[in-house]
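Written out below as structure tokens is the structure these notes cover.
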Amino acid sequence: MSEIFKGIDTIKYEGPQSKNPLSFKFYDAEKLVMGKPMKDYLPFAMAWWHNLGAAGTDMFGRDTADKSFGAEKGTMAHAKAKVDAGFEFMQKLGIEYFCFHDVDLVPEADDINETNKRLDEITDYILEKMNASGIKCLWGTANMFSNPRFMNGAGSTNSADVYCFAAAQIKKALELTVKLGGKGYVFWGGREGYETLLNTDVKFEQENIARLMHMAVDYGRKIGFTGDFYIEPKPKEPMKHQYDFDAATAIGFLRQYGLDKDFKMNIEANHATLAGHTFQHELRVSAINGMLGSIDANQGDYLLGWDTDEFPFDVYEATMCMYEVLKAGGLTGGFNFDAKSRRPSNTYEDMFESYILGMDTFALGLIKAAEIIEDGRIDGFVAQKYSSFNDGIGAKIVAGEATLEELADYAHNLKNTTEPCSGKQERLQGILNSILFK
Ligand code: XUL
Ligand code: CO
């Protein structure tokens, strides 16, 4: 097997002063942050679909990048070339994980049995590469949104036959995830939603999705999958309304159908934006419910209403993300760059520079989030803000020992001038800036 990314060596840390575009400015894998090497906090993953598949086609134009990797597209030779390219890419960047959909790995055949045979063959090859390199699988999933049969949904489809196709794909994708030692299995409900309520039985569709997820959990556990299942919330696109709208909605669904012990959230930054939330909001909601599992690290464009899947470079967002992750005690999953280089960034070099940007942005976010926590002023303010609940009547409320009558009696003795403290938002934002730009 010959080198694919010729002229691009292993990417090294050179520090922020370096002018070498093919070097890390902030990601220094072994550098200690709060007593642990950076790479332990940042299990980065390559997204098979974008990095090895997406070549720039959009609604108005065809590919701008060459992702053939020297083989004819749509063949098993190309599937193998993608494996070669992917492993060379990850090794040169020091990325330890990858994520995949079934159909990212091989060209889909008309017959599902043939597709599965191809999947067996390619995953044998991937396993060899994993064993030789130490690279691991973060999560697997089944693409249940591209094939026209899923136009009315997968778990939410009106057709029992299509539902069975979805089951067959999930079964196989779970087997592959177990074969590759994946830490997680993702459900992104791209077509699980509706275009109009005029033709949709929402209750029935949601119950059917839950049934499919239960079957997936049962089968996964039966074949030795010990990792987490994830829901990846997204409010819209491709459907007008998607059932896994945001973290709060998905968590409510999981609890309603008794799936909450086996599932966590895979939070994608750009999906949060589409739901009208910040990335940090989605992470916080997941974390406080004990369901922060994994992250699809990308960013959207606040001026555009769709999923642009850009490589993350917003240091504020990355910092607040890492702040949430550190406060939650880390992720059971990792940071999957569900991102693609912009269409005019069409060279091999751009593929590398995109990942360097993403990895550096999160490394900087980690450094700054650790500084916020070590500085203590923001956390200290929040603790102080709620301190009236530390003793007296407040402590009684928190302990669940107060009655409404008792609180009312207490209030009757208060002066009407009682006020909560200032929120100090501007002071806190100033502290954040002083830490970010010191
Ligand atoms: C689509 C998306 C998916 C999931 C996996 O918006 O994010 O690629 O991450 O199916
Ligand atoms: Co995603």
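The values are calculated or read from the model by the stated rules, or taken from the named source; none is laboratory data. Here the structure is a predicted model, which is why all the values come from computation and not from measurement. Positions of Cβ are backbone-derived with ideal geometry, glycine not excepted, and every protein chain shown enters the neighbour counts.
For segment 12-41, taking the residues that are touching a strand residue (DSSP E or B) at 6+ places or on another chain (Cβ under 6 Å) and part of a loop (DSSP other than H, G, I, E, B), the one that is farthest from F352 (Cα to Cα) is identified as E30. Would a scan of segment 226-243 turn up a residue that is in the same structural domain as N152 (by TED's automatic domain parsing), away from ligand 2 (no atom under 16 Å from the Cβ), without any contact (Cβ under 8 Å) to a residue 24 or more places away in the chain and not aliphatic (A, V, I, L, M)? Scanning segment 226-243, I find at least one residue that is in the same structural domain as N152 (by TED's automatic domain parsing), away from ligand 2 (no atom under 16 Å from the Cβ), without any contact (Cβ under 8 Å) to a residue 24 or more places away in the chain and not aliphatic (A, V, I, L, M), so the answer is yes. Checked against (1) buried (at least 19 other Cβ atoms within 10 Å of the Cβ); (2) under 21 Å from H271 (Cα atoms), S146 passes all but condition (1). Exactly one residue among E88, E175, E114 is in contact (Cβ under 8 Å) with a residue 60 or more places away in the chain and outside any loop (DSSP other than H, G, I, E, B), and that residue is E88. Just give me the residues in segment 252-298 being more than 25 Å from T308 (Cβ to Cβ) and of a type in the set (F, W, Y), in sequence order. Selection gives F253, Y257, F263.
Would you check if there is a residue in segment 264-283 being of a type in the set (D, E, K, R) and out of contact with any Phe, Trp or Tyr (no Cβ under 9 Å at 6 or more places or on another chain)? Break it down into steps so the answer makes sense when it comes.
Restricting attention to segment 264-283, the residues satisfying the condition of being of a type in the set (D, E, K, R) are 264, 268, 282.
This time we only want the ones that are out of contact with any Phe, Trp or Tyr (no Cβ under 9 Å at 6 or more places or on another chain), so: 282.
There is at least one residue in segment 264-283 that is of a type in the set (D, E, K, R) and out of contact with any Phe, Trp or Tyr (no Cβ under 9 Å at 6 or more places or on another chain).
Can you name the residue in segment 254-300 that is within 16 Å of ligand 1 (Cβ to nearest atom) and of a type in the set (D, E) and is also nearest to the chain's Cα centre (by Cα) among such residues? Restricting to residues being within 16 Å of ligand 1 (Cβ to nearest atom) and of a type in the set (D, E), the top hit is D296. Only residues that are surrounded by 21 or more Cβ atoms within 10 Å (Cβ to Cβ) and either among the acidic types (D, E) or within 15 Å of ligand 2 (Cβ to nearest atom) (or both) were counted across segment 246-274, and they come to 14. Being out of contact with any helix residue (DSSP H, G or I) (no Cβ under 8 Å at 6 or more places or on another chain), touching a residue at least 24 places away in the same chain (Cβ under 8 Å) and either more than 16 Å from ligand 1 (Cβ to nearest atom) or at positive phi (or both), is that true of even one residue in segment 356-364? Yes, some residue in segment 356-364 is out of contact with any helix residue (DSSP H, G or I) (no Cβ under 8 Å at 6 or more places or on another chain), touching a residue at least 24 places away in the same chain (Cβ under 8 Å) and either more than 16 Å from ligand 1 (Cβ to nearest atom) or at positive phi (or both).
Note on segment 189-240: among residues that are touching a Phe, Trp or Tyr at 6+ places or on another chain (Cβ under 9 Å) and among the β-branched types (V, I, T), the one that is surrounded by the fewest Cβ atoms within 10 Å (Cβ to Cβ) is V202. Entry remark, segment 301-330: residues being away from ligand 1 (no atom under 16 Å from the Cβ) and part of a loop (DSSP other than H, G, I, E, B) number 7 in total.
Is it the case that some residue within segment 147-154 is assigned to a helix (DSSP H, G or I), within 16 Å of ligand 1 (Cβ to nearest atom) and at pLDDT 95 or above?
yes
Per the conditions (1) within 22 Å of K183 (Cα to Cα); (2) within 14 Å of ligand 1 (Cβ to nearest atom), the sole criterion not satisfied by E237 is (1).
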